[in-house]
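Here is the structure we will look at.
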Amino acid sequence: MKTTQRQRAETLRRLHSGPGILVLPNAWDVATARLVEEAGFAAVATTSAGVAWALGYPDGERISRDEMLDAVRRMAAAVRVPVTADVEAGYGATPEAAAETAHGVIAAGAVGLNLEDGGSDGDLLDLGLHVERVQAVRTAGASAGVPIVINARTDAFEVKGWDAGRRFAEAVRRANAYRAAGADCLFVPHVSDGDTIGRLAREIDGPLNIIAGPPAPPIRELERLGVRRASLGPRVVQAALGLVRRAVVELRERGTYDSIADLLIPFTELQRLLAPAP
């Protein structure tokens, strides 16, 4: 029997407390969400880049809120485990826009969301403004009766013109402010070296989320460094599209199928995977 949305939210929040690291391969459609669930992962995270690319958009809020939430809705309806949605920067810079997006995520059946502080100009939103946005999402969840799990993301490591020291200090400052505002997890992407990841885990007062996959350390090393949540972000969809490119180039140039020969999932298995639950 499928659990209630509130129960799934509570489950997702508990997963950030161990006993092991929470690993989330990101899905971009129903088939990939089901594959993640079938592999035994405790939750499914969506990838905004993967959803956008599949629908013909570049990443970076080029897709509309409604189209993104429709994809989330399809994935959440297809799996029994909790789903957390990457909704980029919330499709609007105001607290009101963030709250509207949070209500949409809950209506779509998901129980968590990512909320970025990166602005469209490549800079960061005002710290106080993003704190208000995190608080607005928390309030939206409470009003809907779903304790939505907030993964507050800072893009401090992506700001051009800052040296490594300033990026690190600002990432820690912002992550701790978002935690105090009600975020459940603190997401710091664009970091892959072990020393920096370990320092972030020690100085951020809450569960740290890092993007795993190449070139980041392996999962067990991330766990040793203190990371509580490792998501693959766009890495799986990048690899999947890399395989498509390799396969079609091979087909065009050589007329052979070696690239995909060992990777084909049997047709009947995919039919079973996507059949409606009894």
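Of the residues 67, 37, 10, only one is surrounded by 20 or more Cβ atoms within 10 Å (Cβ to Cβ) and of a type in the set (D, E, K, R); which?
Details: 67 fails: surrounded by 20 or more Cβ atoms within 10 Å (Cβ to Cβ); 10 fails: surrounded by 20 or more Cβ atoms within 10 Å (Cβ to Cβ).
One residue alone meets the criteria, 37.
Which residues, counting only those in the stretch 227-241, are open to solvent by 30 Å² or more (accessible area, probe 1.4 Å) and either free of Cβ contacts under 8 Å to residues at least 40 places away in the same chain or assigned to a helix (DSSP H, G or I) (or both)?
Answer for the stretch 227-241, where residues must be open to solvent by 30 Å² or more (accessible area, probe 1.4 Å) and either free of Cβ contacts under 8 Å to residues at least 40 places away in the same chain or assigned to a helix (DSSP H, G or I) (or both): 235, 236, 238, 239, 240, 241.
Do we find that residue 111 is of a type in the set (A, V, I, L, M, F, W, C) and more than 18 Å from the chain's Cα centre (by Cα) in this structure?
On the way: of a type in the set (A, V, I, L, M, F, W, C): yes; more than 18 Å from the chain's Cα centre (by Cα): no.
It is false that residue 111 is of a type in the set (A, V, I, L, M, F, W, C) and more than 18 Å from the chain's Cα centre (by Cα).
Could you say which residue among 73, 62 is assigned to a helix (DSSP H, G or I), modelled with pLDDT of 95 or more and open to solvent by 60 Å² or more (accessible area, probe 1.4 Å)? First the steps, then the outcome.
Details: 62 fails: assigned to a helix (DSSP H, G or I).
Just one listed residue meets the conditions, 73.
Could you tell me whether any residue of the stretch 20-40 is over 20 Å from residue 186 (Cβ atoms), in contact (Cβ under 8 Å) with a residue 24 or more places away in the chain, of a type in the set (Ser, Thr, Tyr) and outside any helix (DSSP H, G or I)?
No, there is no match, as no residue in the stretch 20-40 is over 20 Å from residue 186 (Cβ atoms), in contact (Cβ under 8 Å) with a residue 24 or more places away in the chain, of a type in the set (Ser, Thr, Tyr) and outside any helix (DSSP H, G or I).
In the stretch 99-139, what residues are in a loop (DSSP other than H, G, I, E, B), of a type in the set (A, V, I, L, M, F, W, C) and over 18 Å from residue 45 (Cβ atoms)? Quick ask: steps written out before the conclusion?
Residues of the stretch 99-139 in a loop (DSSP other than H, G, I, E, B): 108-111, 117, 119-123, 125-126.
After this cut, where a residue has to be of a type in the set (A, V, I, L, M, F, W, C) as well, the list is 108, 110-111, 125.
Result: 125, single match.
Within the stretch 186-226, how many residues turn out to be assigned to a loop (DSSP other than H, G, I, E, B), of a type outside the set (Gly, Ala, Ser) and either in contact (Cβ under 8 Å) with a residue 40 or more places away in the chain or open to solvent by 50 Å² or more (accessible area, probe 1.4 Å) (or both)? Reasoning before the result, please.
Here is the first cut: in the stretch 186-226, the residues assigned to a loop (DSSP other than H, G, I, E, B) are 188-193, 204-207, 212-218, 226.
Next cut, of a type outside the set (Gly, Ala, Ser) only: 188-191, 193, 204-205, 207, 214-215, 217-218.
Pick out the ones that are also either in contact (Cβ under 8 Å) with a residue 40 or more places away in the chain or open to solvent by 50 Å² or more (accessible area, probe 1.4 Å) (or both) and you get 189-190, 193, 205, 207, 214-215, 218.
Within the stretch 186-226, residues that are assigned to a loop (DSSP other than H, G, I, E, B), of a type outside the set (Gly, Ala, Ser) and either in contact (Cβ under 8 Å) with a residue 40 or more places away in the chain or open to solvent by 50 Å² or more (accessible area, probe 1.4 Å) (or both) number 8.
The values are calculated or read from the model by the stated rules, or taken from the named source; none is laboratory data. Because the structure is a prediction, the values reported are computed rather than measured. All Cβ positions, glycine included, derive from the backbone under ideal geometry; neighbour counts span all protein chains shown. Please note that ligands, DNA and RNA were not included when accessible areas were found on the heavy atoms of the full protein model with its side chains. Shrake-Rupley method; radii C 1.70, N 1.55, O 1.52, S 1.80 Å.
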